[in-house]
Amino acid sequence: MAIRLEETIRSPSLVSAIIVTYHPDDNALKNLCGTLSNQVNEIIIVDNGSDQFMLEKIIDVHKKIKLISLSCNEGIAYGLNKGIREVSERSEFVILFDQDSEPEENVVRTLIDIFYEANISGVNVCAVGPQFYDSRSGEKCSFYRQEAGGEVKDFCEQSDWVLADHLITSGSLIPVSSFSSVGFMKSELFIDLVDVEWGLRAKSMGMTCVGTARATMKHSIGEDVIQLFGFHIYKHAPIRYYYQIRNRLWLCFRAYVPLMWKLKYGIRIPVLACLYVYNSPHKLTVLKNVLLAVYHAFIGRLGKL
C-alpha cells in the first residue's frame, strides 16, 4: 500500500502500541495507556499471568485497549511477538512498551517523523527509539554503535538523530515490514538482551536502528542501580542474573554478532558475574544461577528456566 509521507505523519491509525505486562503497577499502567490513547489507533496489552480484574478495569476506561491474557509468564519476547502478530495485518507500525515506561505526549508523531527523515537520507531503518532518562536519577542515557575505532557512545547532542546498533525495547517504533526482513524477537531468550539480539541481527542484514533526542521517555531498569568499581549494576531478583549471563554469553557464540561487541561485552561476563554475587544478599542462589547460566549458554539451552 503506497502511503504519502505527509499522510503517514498526520495519521495515528497506522500505529498500534503493544505493552507486555507482568503484575504491573496499576497507576503506572493507567498513565501509560492514557498517554498513548490519543497517539495510536489501538493498544494491545499482552499479559503474562497477572491479576485480570485490575487489567479489565483499565480496559473499561480506555476503549482502544485489547487484552491478550497468557496463562503464565511466557517472557517479554513471546509477549511482544504475540502482540505484533495480532496487529500485523492492519498496522503500518508498532510501538513497543514496558509496563512502567513514561513516554512524552507526542512520542509517536515524533518517532514517525524521524523514521522518514532517516529513510529519506538513505538509512535503511529497522527501528526508531526515543532517548530515555532514568526515572530514579534523571540520568540521560546514550545510544551505542560499533565503529572501526571502537564503540561510540552518542547522546544525540549534535544532530536530530543518530545511528545505533540497538535500542531498548520500550519506546521502539518499528515498521511491521521490518519483521518480515529481520524476523521476530527471539522468544527463547525469555527476557534479557532481547532488544540487543534483534538490533544486532538487523544490523547483520544491512538495516539499522535510529535514536533521537527529539522524543524522550522516562524509564527505569531493575529495582535499583548502584556503582561498583566503575560498573553500573542493576539490582534484580536472583533469577534475572541467570538470564543476563546466559543470554550475553550465548550472543557471543552467534556469527552475526560483531566481533567488537563480543570482545567488549564478552570479556565483561566474569567480572559481572562476580559483581552480581558480591552485591546480592542471596549470594549462594546467585552463584548457582550464574554457573547454570554459563553451562546452559555453552550447550545452547535457552528458554524459561
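The values are calculated or read from the model by the stated rules, or taken from the named source; none is laboratory data. As the structure is a computational prediction, the values presented were derived from the model and not from experiment. All Cβ positions, even for glycine, are placed from backbone atoms using ideal geometry, and neighbour counts span all protein chains on display.
Some observations on this one:
- Those strands (runs of 3 or more DSSP E) of segment 13-92 in which at least 1 residues are more than 25 Å from Ser177 (Cβ to Cβ) and under 19 Å from the mean Cα position of the chain (by Cα), considering only elements entirely within it, cover 15-21, 42-48.
- Residue check for Ala127: in contact with a Leu (Cβ under 8 Å, 6 or more places away or on another chain) and either within 22 Å of Phe155 (Cβ to Cβ) or loosely packed, with under 15 Cβ neighbours inside 10 Å (or both): yes
- Condition met for Arg145 (part of a strand (DSSP E or B), surrounded by 16 or more Cβ atoms within 10 Å (Cβ to Cβ), charged (D, E, K, R) and not assigned by TED's automatic domain parsing to the domain that holds Ala293): yes
- Among the residues listed as Ser37, Ser16, the single one being in contact with a helix residue (DSSP H, G or I) (Cβ under 6 Å, 6 or more places away or on another chain) and in the same structural domain as Glu188 (by TED's automatic domain parsing): Ser16
- Qualifying residue in segment 166-181 (condition: over 21 Å from Asn81 (Cβ atoms), touching a strand residue (DSSP E or B) at 6+ places or on another chain (Cβ under 9 Å) and not in a helix (DSSP H, G or I)): no
- Matching residues in segment 254-293 - criterion: being basic (Lys, Arg) and either surrounded by 16 or more Cβ atoms within 10 Å (Cβ to Cβ) or in a helix (DSSP H, G or I) (or both): Lys262, Lys264, Lys283, Lys288
- Residues that are crowded, with 16+ Cβ neighbours inside 10 Å and either within 23 Å of Glu102 (Cβ to Cβ) or more than 18 Å from the chain's Cα centre (by Cα) (or both) within segment 152-168 comprise Asp154, Cys156, Trp161, Val162, Ala164, His166, Leu167, Ile168, listed in sequence order.
- Restricting attention to segment 93-124, the residues being β-branched (Val, Ile, Thr) and either assigned to a helix (DSSP H, G or I) or touching a Phe, Trp or Tyr at 6+ places or on another chain (Cβ under 6 Å) (or both) number 6.
- If the condition is being farther than 16 Å from Pro24 by Cβ, surrounded by 18 or more Cβ atoms within 10 Å (Cβ to Cβ), in contact (Cβ under 8 Å) with a residue 60 or more places away in the chain and of a type outside the set (Phe, Trp, Tyr), then segment 93-122 contributes Val94, Ile95, Val107, Val108, Thr110, Leu111, Ile112, Asp113, Ile114, Ala118.
- Segment 130-162 - residue that is aliphatic (A, V, I, L, M) and without any contact (Cβ under 8 Å) to a residue 40 or more places away in the chain and, of those, nearest to Glu105 (Cα to Cα): Val152
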